Amino acid sequence: MLHTLAKNNTRVTRFASVGVINTALDFGILFSLVHLGVDRTVANVISTTLAFLFSFVANKKYAFRSTGGNLKREMLLFTIVTLFGLWVLQTLVIRAGAQLLGESTLMLFVAKVVATLVSTVWNYVLYSRMVFSAGGSDGSHRS
């Protein structure tokens with residue numbers, strides 16, 4: 001039990017590391033492109049697309065150490081899980097936050113932080129149990 005707990009904590013740490021790097025990559029690319037004169041909308045599409053692709057590869061190879069499985073299936077499930085978290089869960093949490101806490105900018109920030117935490121937990125659970133559930137060189141992706 002202690003060994004499993006330690007292995008899961010390591011996986012959580014790897015997952016969090018991927019998230020931090022992914023966010024920095026997204027922001028770095030976005031602001032670099034805007035600084036170079038690229039339209040903000042275009043820059044955002046480019047930065048989020050590259051960050052999304054990095055996130056998939058880094059989560060598969062590093063965070064969950066998944067070496068098996070069907071790549072097309074994993075990418076499809078990763079996309080569905082991630083977009084559901086971003087577009088559905090975060091939207092619901094932000095709407096609930098506005099109803100409970102009000103519409104101020106500060107309340108939006110608080111709601112967005114909570115929404116991000118909710119979608120992060122959602123992503124971790126479903127990535128580990130559904131997306132990257134086949135294969136894995138160290139078995140750390142299995143619960």
Full extension from ARG129 to ASN9: what is 0.36 nm times the residue separation minus their Cα-Cα distance, to one decimal in nm? 41.7 nm
All other residues with a Cβ under 13 Å from the Cβ of SER47 taken together, and with Lys, Arg as +1 and Asp, Glu as -1, what is their net charge? -1
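To the nearest 0.05, how large is the calculated FRET efficiency for GLN99 and LYS72 if R₀ is 35 Å and r is the Cβ-Cβ distance? Intermediate values should be presented prior to the final figure.
On the way: r = 40 Å, r/R0 = 1.14.
The formula returns an efficiency of 0.30 here.
Translational diffusion coefficient of segment 2-131 at 25 °C, 0.890 mPa s, Stokes-Einstein with Kirkwood Rh over Cα pairs, in µm²/s as a whole number. Walk me through the numbers on the way to the answer.
Values: Rh = 16.1 Å.
For the chosen part, D equals 152 µm²/s.
Which peptide among 63-74, 29-40, 122-133 comes first, and what is the full order, when sorted by highest mean count of other Cβ atoms within 10 Å?
On the way: 63-74: 16.7, 29-40: 13.3, 122-133: 19.4.
Packing proxy ranking, top to bottom: 122-133, 63-74, 29-40.
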ASN44 paired with THR23, simple spin-label distance in nm, labels 7 Å along Cα-to-beta-carbon: 1.8
Put a dot 7 Å past each Cα toward the Cβ at LEU92 and VAL121; how far apart are the dots in nm? 1.3
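Read-outs: derived from the displayed coordinates by stated rules, not from any lab. All values derive from a computational prediction rather than experimental measurement. Glycine also receives a Cβ, built like all others from the backbone with ideal geometry; neighbour counts cover every protein chain displayed.
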